[in-house]
Each structure stands twice: as C-alpha cells, then as structure tokens.
Amino acid sequence: MLLFILLNLFWKATGEVYSSYENVRHINKIENQLVQLLGDYISEERERLNTLERFQQYVADSKNYTEPDSYISYPTNQFNVIHRFVADWNNLQEWTNSRSEAITSAYQNYRQYFPGQNDVKGAIKAIHRLQDIYKIKAGHFSRGDPLGPGEGGLVRGQPLNIKALLLFVKDAYENEEWRKCAGWGQQAYYQLQTFREHDPSTTIWFDITDHFAFCLYKTEEIQHAVEITTEMMVHYPDHDRLKGNMKFFKGLVEKGEVAVDESRGKRSVVSEPLPSLEEDGEVEVEITYVPKLYPGADQTVLSEEVIEDEIQDRHYKKWGERIKKYKKLCKERPALTPQIKQQIERLTCYYKQNTPRSYLKPIKVEVVWPSPRIVVFYDIVSDEEANIMMELAQPHLNRATVHNKNTGKLENAEYRVSKTAWLDDDMTEDKGRIVRRINRRMEDATELSHDYAELDQVNNYGMAGQYEPHYDMATREEKAFLDHEGGNRVATLLFYMGKTDAGGATVFIDGGVRLPPTQNAAVFWYNLLPNGDPDLLTRHAGCPVLAGTKWVMNKWFHVNDQIFTRPCDLQQFKREKEAKLYNGQYTT
C-alpha cells in the first residue's frame, strides 16, 4: 500500500527539483503526508502485533505445565483448546496477513485437523454431562477447577472466558434446562460485574443479562429476575420487550404468584416478550437500580440437591431409575448395607496357576462380586504392551457404534461417546506378536476358547466420554449376533490401559458395584447364564471421564465352541457356578 502511494505522489517528478524553492516546498508537504501515513501504518501494525502477542502469551502461559499432556487433563482446558481453534486460530492467516511463509504453510497443513462448531457443541454437552453426573457446580467449571483445589493431585485448570460462558448459557437455554442456565448465567454475570471487560452497549453484555434474567424467571427466582431486568432498563429504557418483562415480573411479585411453564413452550428471550398481564391495573415501573452483585455470585443459583431433583431422565420410568442409579454409582461408592456386607464376606483374592503359562507366571485374581461373579485380573498386561496396543489403535480410531436392538445394525449413539479401533493379530510380525501374546494370556485367565472371539476392540474416551447402562450380549428381544457364527456373547474381558486421573469407573447397576479404572488390570464376567439365557444382572456402564484420558480394550467371547470350557446347564435359574474362595477352582 505504501509503495502504491509513493508511486502516485512521484509520478510527475521531472528532475531539477533543487532549482526551484516551490518545488522543494511541494516535496516537503509530500514528505509530511508520507510521515503521517507511515506513522498510521506503524500504529496499526503495532496494534495488530500487540494483539497477536497477547494471544500468543495467553496461550503459552496457560500451557506452562511440566508434562505436555497435563494441560488437557482438565475438561475446561480441553474445551478451551477446541474453542480457541474455532474462535481464534481460524483467523490466523488474516492476523498475520500471510506474511509468514512458515505460518501459512503450517496453517495449510493443519487446517484439515481443526475442530468445528459441532466440536464446540459436543464439548459444551460434555461439560454439562459432568455437571449432571458428578454434581459439580458451574462456578467450579467457570474457574477451571472442577475437582476443587488440591483434589486428585491435578494442576488447576484454565478458567472459561466470558464468551465461552455465554455459549454454555445459550446451550442450557436452548435445551430448556433452566436451572443449569441460571447457574451458568450467574457465572457470566459475575464476570461482567467483576472484570468490566464489556460495557452495557455491547451485544455480549445484553445477551448475558437477557438470558440470565429469563432463566431466573423460569427457575422461579422472580425477585432476582426483576433486579437484573431493572439494571438492563437503566441502559435500555425504551426497550419494549424489557418493559413488558418488567411489568410481568413485578406483577408476579405483587400477586405472590410463581410462573409455571405448563406447556413447556419456549419463548425466545431475544425477540419475544413474556406473556403480558391481564389489563386489570397498571404496574408502575420504577428505575431505581443500585448496581450490586447477585447474591452468592461465586456459586450457582441452586443447591446440589435441587439440581438433582430437576434432572429429567429419559425414556420410561424404569430407565429413569437405572440412570439415577448409574449417576449415583459414578459419583460415589454405595453405602455398606447389611446385604452388601454379607456379599463382601464372600470375596477373596488368589493366584491362578492352572495352565502351563500361568503356572510359570501366576495371574493375580480378585473376586470383586460373587453374583454375578465379577473378577479382576491384575497386571494382566505390561506398560509396554499397553502402549503398543494404544499405538496400534490410534490410526484406526473411529466413532464408537452400538447395535440397534430392533434392526441389529450398527449406529452412532449419544449414550456412547468414544472412538474405537479393532486390532487383528494378523499384523506385522513385531506388532502382531504382541497382540497374539495378549490373546493367549486372555485364554489362560478366562479358560475360554478364542476361536469365536471377536477382534480386540480398543476404545479411547474423549471429553466426558461415557457408555450409559447397557448389556454386552443380546437379550431375547434383540437381533444382534443372530448371524454371528459364534452365537451370543458369553463373556466380557475389559482391560484398562493407561492412567485415568478422575472418573471413568465401570459400574454394574443392579449389583451396585463400582470399579475405578486400574491401570493394566482387566475385569471379567459372564454375560450368559449356564443355560444360555442372558444374565440380566450384568447391566453395566462406563462413567464419564472427569479428568485425564481413558483407554480400554474389550474382548468378547462367544458361546459356540465353549462346550468343554463352560458346559451348558439346563437349570434355568441356576447362576454361574461359584469359585471355591480358597483356591479359585470351580465346584458344583
């Protein structure tokens, strides 16, 4: 641009400028203009570079961790990374004006991996899921500290900025989760009041206060909705919808009524006014607002107990009850009732040495639940083997699927959030040797034939990755595995590979069993009763990952070809033959 200006200014130059005072005076004026233009350009560049420097420093400081992956151990940091790519890094070429060949090349190479808006939405839902399951207040997420100070030994996470908080408010609003919306709205409003980064003339200020007031009204916090709306009317005194809202709110307060959403019909907080009162008297609107923070601004609006009561479980009543049990088990161990104590007395540990390989290297076994019989094999894989399995899986990870119980076909589902890869032992010699070695060890531990077993399925769980209550086998009503030559899934072996910092427990809903992930261990149970019927007490779930990552590997054994390893028993209600607790050998 500067070169273009110079060319336009000097194209009439004819030489011999020194010979005329007027010519010199003219070029002096030109130089003055050039100095001004150059100064403006430098100021603009300085501001642009300052903006780039602030952003670069902000990101660099937030990642000042000893271990490179420690930063993304926290869900808020995972969200911030995804959100920055959508909101900031997409503008990288524009910021640098494509002056840097290195940046331009990197942008072109990496652009295909950038997350998009769907990833931001998925990350928001993931954090909302953690709220529901673990009863974590919005304030903890807002501060970047969902586990609380010092808990879990993890580094404090990065706070969420005001723009991110507004996204959480809007998502809760759009899904009519009013109490959650009020909680996040409170955090966003608190940042508005505390940091004063956005004045009332900005769109973000209006959006936050507008949504917050509406969600307070929906949660029957009418007086506080009046306070927030009053503040808005100080800055927007002629806003017709705000006037209508204020009239409605104050009318409810004066009448002592509570707004009830019987139709659950959602009104737009952006464009539609609240329902107007009957014309039985005017309500005087007084603009006498004194700025103050919302009471308890560092916490969410409602107590954990109230939020618990407001959670709307899906499907029919039984499913809702199971989901509640699932959420409670994910959060804490069940109370030790007399019945549970009686079951615990039957538990034991032993070394398994009944095969040539296990005789030379005994397998450590713990019976963690007697009926259905659930056992844990400890140190069943080494760190090296687990790392190789995860390395093999990474290039092949795809979104996990589930069997549609009606069609038997595989499909994506929101209740299973992870990516999976299937590993075959027919790989390159070095890697395949590791897979085959682990498969032989599985046969030693379970004493089941591998001939009809499925390939090893490796799962990597992302933000709040979970698998809600489900069965591994097909029940009588389902069509899954009808065409499988091995028949139904008789047993499951679930490996924990890698370290999970918080969350991610495996829970058995009906038995009340909770198993936190134990690195390099594997959980084993039978899905079918000895007569081949589904064992309906094996309904289980994978709780959302709260911090860190979670890698697991599933091995499903099928019923055919197990005639000698697990003979059929025709007694319909006879459960799995119990192991003698002192030596782990089967008995009748």
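The values are calculated or read from the model by the stated rules, or taken from the named source; none is laboratory data. Source: prediction; values computed, not measured. FYI the Cβ positions are ideal-geometry reconstructions off the backbone, even for glycines, and counts take in every protein chain you see. Each accessible area value is taken on the protein alone, full model and side chains, heavy atoms only, with ligands, DNA and RNA left out. Shrake-Rupley method; radii C 1.70, N 1.55, O 1.52, S 1.80 Å.
Worth pointing out:
- Packing-based ranking of 527-540, 550-563 yields 550-563, 527-540, ordered from highest to lowest mean Cβ neighbour count within 10 Å.
- Across segment 457-470, rounded Karplus estimates of 3J(HN,Hα) from the backbone phi angles (6.51 cos²θ - 1.76 cosθ + 1.60, θ = phi - 60°) give 9, 9, 10, 10, 8, x, 4, 6, x, 8, 9, 5, x, 7 Hz, Gly and Pro being marked x.
- Nitroxide proxy distance, nm - points 7 Å out along Cα→Cβ at Arg46 and Asn118: 4.6
- Within the shell defined by Cβ-Cβ distances under 13 Å, the residues around Leu52 carry a net charge of -2, with Lys and Arg each +1 and Asp and Glu each -1.
- Positive contributions from Lys and Arg (+1) and negative ones from Asp and Glu (-1), summed over other residues with Cβ under 10 Å from the Cβ of Gly183, come out at +2.
- Scanning residues 5 or more positions from Val368 or on other chains, those with amide H under 5 Å from its amide H are Ile374, Val375, Val376, with H placed 1.01 Å from N in the peptide plane.
- Segments 233-244, 375-386 sorted - mean Cβ within 10 Å per residue, highest first: 375-386, 233-244
- Ordering of 211-221, 36-46 by packing [mean C-beta count within 10 Å, highest first]: 211-221, 36-46
- Amide H within-cut-off set for Asp456, under 5 Å, with H built and near neighbours excluded: Leu423
- Taking Cβ atoms as reference points and 10 Å as the exclusive limit, the residues near Ile380 contribute a net charge of -1, counting Lys and Arg as +1 and Asp and Glu as -1.
- Accessible surface calculations at 1.4 Å, restricted to protein heavy atoms, place segment 65-138 at 52 Å² per residue.
- Three-way shape call for segment 476-569 based on the alpha-carbon gyration tensor, with the a/c threshold at 1.5: prolate
- Cross-link pairs exceeding 32 Å between alpha carbons, from the set Lys327/Lys352; Lys137/Lys325; Lys328/Lys419; Lys431/Lys550; Lys63/Lys550; Lys135/Lys163: Lys327/Lys352.
- If R0 is taken as 45 Å, the Cβ-Cβ distance between Glu53 and Lys324 corresponds to a FRET efficiency of 0.35.
- For the listed residue pairs Lys121/Lys255; Lys324/Lys364; Lys331/Lys499, the alpha carbons are over 28 angstrom apart in Lys121/Lys255; Lys324/Lys364.
- Amide H contacts under 5 Å for Ala505, placed H, 5+ residues apart: Cys543
- Converting phi to 3J(HN,Hα) with the Karplus coefficients 6.51, -1.76 and 1.60 and the offset θ = phi - 60°, segment 382-391 yields 8, 4, 4, 5, 4, 4, 5, 5, 5, 5 Hz in sequence order, with x at every glycine or proline.
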